[in-house]
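The values are calculated or read from the model by the stated rules, or taken from the named source; none is laboratory data. Please read these numbers as outputs of a predicted model, since none were measured by experiment. No Cβ is skipped: glycine too gets one built from the backbone with ideal geometry, and neighbour counts run over all protein chains shown.
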Amino acid sequence: MKSSQSPVLKDVVLVGAGHAHVGVLRKFGMEPMPGVRLTLITRQVHTPYSGMLPGLIAGLYHEDEAHIDTAPLTRFAQARLYNSEVIGLDLAARRVICIDRPPVPYDILSINVGSTPSARHIPGVAEHAIPVKPIDGFLDRFEAARSRILQAKGRAKIGVIGGGAGGVELLLSLHRRLTRDVNAAGFEATGLHFTLVTSSDELLPAFPPRMRRRFAEILRQRGIRWLVVTGCTTNICVDSTIRDAMFRDYSCLLLADCTGEPIGHQFSRTNHDAALLAIQTLFGWVSDSATLIRALAGQAEQR
């Protein structure tokens, strides 16, 4: 890091090497502000770029291509780089508390560490699921899961929760990578089964109909045929989703304890019950979340 000739008037501390902070460092390197000192605190100097994650998982990029090296970036911005993990803030003294270094004082503080979903309230998630965020942890766990799948000679069931853009893109990337790796290892990729779990009425609900139809066709072409359905209401949105999926050649499993129906709840036989009966008889299968988690856990133990 080059030393600045101007006295430090403002200490700007950036916690996390997210997209916004990468942009700040780049901009500051091109147009420095006299008297302002930047400090980046990140637990990963070589930080993954989330926009390239699906391509990295699919095997389209090498690891170096999908990561940002913050060391040369901070040198370019004449900023300080602390490779550490933030564990707290002292707001009164305006200091950032790190796990393995002295507190870092600040005048202006910016936090850009990304999201970490909390699913601890869902039984079985901690034991059997791989959260995508934080990405660095996901990449390590994905490589471990990929090794287990190859050890099992390509016999595995992979589920992705979320029917939005991220979930669909990740599912297709996993399908491409695992199918290629299993075939390359000399095994049959027909032992791989992929399932998408979504609470929405259809895939990519925020996107135009033409794009939704296109991605549904891509999933069918790749043999992704199972959908685990949740959401409300049972006899309208959920029922129509399952009917539509059936006519598109999907096999649907509805989790009865993850759906609901307020209409007719005061009667002994509710619309919810009637919809479950119709779905189980004509359009798919009905179970519950505990049974599904036990089944997935049993398969994981067998592998």
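Computed quantities for the displayed model
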| read-out | value |
| --- | --- |
| Residue check, R75 of a type outside the set (D, E) and over 30 Å from R177 (Cα atoms) | yes |
| Qualifying residue in the stretch 173-182 (condition: touching a residue at least 60 places away in the same chain (Cβ under 8 Å) and touching a Pro at 6+ places or on another chain (Cβ under 6 Å)) | yes |
| Answer from R26, R75, R37 - the residue that is more than 30 Å from G167 (Cα to Cα) and surrounded by 18 or more Cβ atoms within 10 Å (Cβ to Cβ) | R37 |
| Residue match in the stretch 6-23 (condition: of a type in the set (A, V, I, L, M), over 21 Å from I135 (Cα atoms) and not in a loop (DSSP other than H, G, I, E, B)) | yes |
| Hey, L203 of a type in the set (A, V, I, L, M), within 17 Å of the chain's Cα centre (by Cα), over 22 Å from K153 (Cβ atoms) and outside any helix (DSSP H, G or I) or not | yes |
| Residue under evaluation V132, criteria (1) surrounded by 13 or more Cβ atoms within 10 Å (Cβ to Cβ); (2) in a loop (DSSP other than H, G, I, E, B); (3) of a type in the set (V, I, T); (4) free of Cβ contacts under 8 Å to residues at least 24 places away in the same chain, criterion not met | (4) |
| Criterion violated by A119 - all others in (1) closer than 19 Å to V197 by Cα; (2) surrounded by fewer than 14 Cβ atoms within 10 Å (Cβ to Cβ); (3) modelled with pLDDT of 85 or more satisfied | (3) |
| Yes/no for K157 being over 20 Å from R212 (Cβ atoms) and part of a strand (DSSP E or B) | yes |
| Sole residue being β-branched (V, I, T), modelled with pLDDT of 95 or more and either within 30 Å of R294 (Cα to Cα) or touching a Pro at 6+ places or on another chain (Cβ under 6 Å) (or both), chosen from I130, I158, I135, I97 | I97 |
| Residue check, I122 part of a loop (DSSP other than H, G, I, E, B) and of a type in the set (A, V, I, L, M) | yes |
| Single match in G154, G164 (criterion: surrounded by fewer than 16 Cβ atoms within 10 Å (Cβ to Cβ) and assigned by TED's automatic domain parsing to the domain that holds A206) | G164 |
| Those residues of the stretch 206-247 which are over 24 Å from the mean Cα position of the chain (by Cα), without any contact (Cβ under 8 Å) to a residue 24 or more places away in the chain and assigned to a loop (DSSP other than H, G, I, E, B), in sequence order | none |
| So F215, is it under 20 Å from A245 (Cα atoms), surrounded by 14 or more Cβ atoms within 10 Å (Cβ to Cβ), in contact with a Leu (Cβ under 6 Å, 6 or more places away or on another chain) and not acidic (D, E) | yes |
| Test: residue in the stretch 142-150 that is modelled with pLDDT of 90 or more, acidic (D, E) and not in a loop (DSSP other than H, G, I, E, B) | yes |
| Some residue of the stretch 48-67 being modelled with pLDDT of 90 or more, surrounded by 12 or more Cβ atoms within 10 Å (Cβ to Cβ) and farther than 23 Å from K133 by Cβ | no |
